[in-house]
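Presented below is the structure to which this report refers.
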Amino acid sequence: MEPALAMLEFPSIARGIRAGDAMVKRATLKALRCGTVHPGKYLILASGEVGEVEEALLAADEAGSSAISARVFLPAVHDEVIRGLCGGRREARGGALGVVETRTVPAVLNFSDAALKGAHVDLSHLALADGLGGKGYALFSGEVFDVEAALELGEARLGSDREIVGQILIPRLDPEMSANLERSGTFLDSLPAPVGG
């Protein structure tokens, strides 16, 4: 992906499709990914040059900004956010774990970008929308003081706690819990396969 990234969330699938159409008609984007997520929301992810993504956002606003329930525009998105969006995971390092849970996907992307740019932490995992009731969560690992700083920076970027459902710092994550977190993250996927027939 290119240096700029934007994500829009719509409570209406029809209005989201109209906005996506307006965006690609207005701007030359490197990538536009759209689709439904639970519970009945529509997400649009746009990336490209900063000016083109800004133009696409203007087109979405003109198509019905009142239909947009959440948004984020990251003109110089951190590489680790892109890796997390693409499903990349990192083994927890440093012993401390920070967890943030947000009400929307745009909010967790915004939080993660600020945390990664301002603190020496790794984004161990980024989970988005499906199976989460439309929410997002991110796991940050590193030394205690770095993870604490990352959580503070992410919260400051959001500007209010209404987007944050939960935020915690675990100074010394137990190895068994760390092994659990390195798996898929969903409960049923964590259960062992049945033995026998």
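Structure values in brief
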{"item": "Residues of the range 150-166 that turn out to be out of contact with any helix residue (DSSP H, G or I) (no Cβ under 7 Å at 6 or more places or on another chain) and more than 17 Å from Pro106 (Cα to Cα), as a count", "result": "1"}
{"item": "Count of the range 11-52 residues which are closer than 14 Å to Val72 by Cβ and either of a type outside the set (Val, Ile, Thr) or touching a Ser or Thr at 6+ places or on another chain (Cβ under 7 Å) (or both)", "result": "4"}
{"item": "Test: residue in the range 69-77 that is in contact with a helix residue (DSSP H, G or I) (Cβ under 7 Å, 6 or more places away or on another chain) and surrounded by fewer than 16 Cβ atoms within 10 Å (Cβ to Cβ)", "result": "yes"}
{"item": "Pick from the range 27-45, criterion touching a Leu at 6+ places or on another chain (Cβ under 7 Å) and of a type outside the set (A, V, I, L, M, F, W, C), ranking: nearest to Ala56 (Cα to Cα)", "result": "Arg33"}
{"item": "Residue within the range 113-123 that is farther than 14 Å from Leu153 by Cβ and in contact (Cβ under 8 Å) with a residue 60 or more places away in the chain present", "result": "no"}
{"item": "Pick from the range 1-25, criterion in contact with a strand residue (DSSP E or B) (Cβ under 7 Å, 6 or more places away or on another chain), touching a residue at least 60 places away in the same chain (Cβ under 8 Å) and surrounded by fewer than 24 Cβ atoms within 10 Å (Cβ to Cβ), ranking: nearest to Glu49 (Cα to Cα)", "result": "Ala4"}
{"item": "Which listed residue is under 19 Å from Met7 (Cβ atoms) and crowded, with 16+ Cβ neighbours inside 10 Å, from Ala115, Ala150", "result": "Ala115"}
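Residue-wise test of (1) in contact with a strand residue (DSSP E or B) (Cβ under 7 Å, 6 or more places away or on another chain); (2) modelled with pLDDT of 90 or more; (3) assigned to a loop (DSSP other than H, G, I, E, B).
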| site | (1), (2), (3) |
| --- | --- |
| Leu126 | yes, yes, no |
| Leu132 | no, no, yes |
| Tyr137 | yes, yes, no |
| Phe145 | no, yes, no |
| Ala149 | no, yes, no |
| Glu152 | no, yes, no |
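Let's see how each residue does on (1) surrounded by fewer than 22 Cβ atoms within 10 Å (Cβ to Cβ); (2) of a type outside the set (Val, Ile, Thr); (3) touching a His at 6+ places or on another chain (Cβ under 9 Å); (4) at positive phi:
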| site | (1), (2), (3), (4) |
| --- | --- |
| Pro106 | no, yes, no, no |
| Val121 | no, no, no, no |
| Asp130 | yes, yes, yes, no |
| Glu143 | yes, yes, yes, no |
| Gly154 | no, yes, no, no |
| Asn180 | yes, yes, no, no |
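The values are calculated or read from the model by the stated rules, or taken from the named source; none is laboratory data. Since we're looking at a predicted model, the values are computed, not measured. Note that each Cβ is placed from the backbone with ideal geometry, even for glycine, and that neighbours are counted across all protein chains shown.
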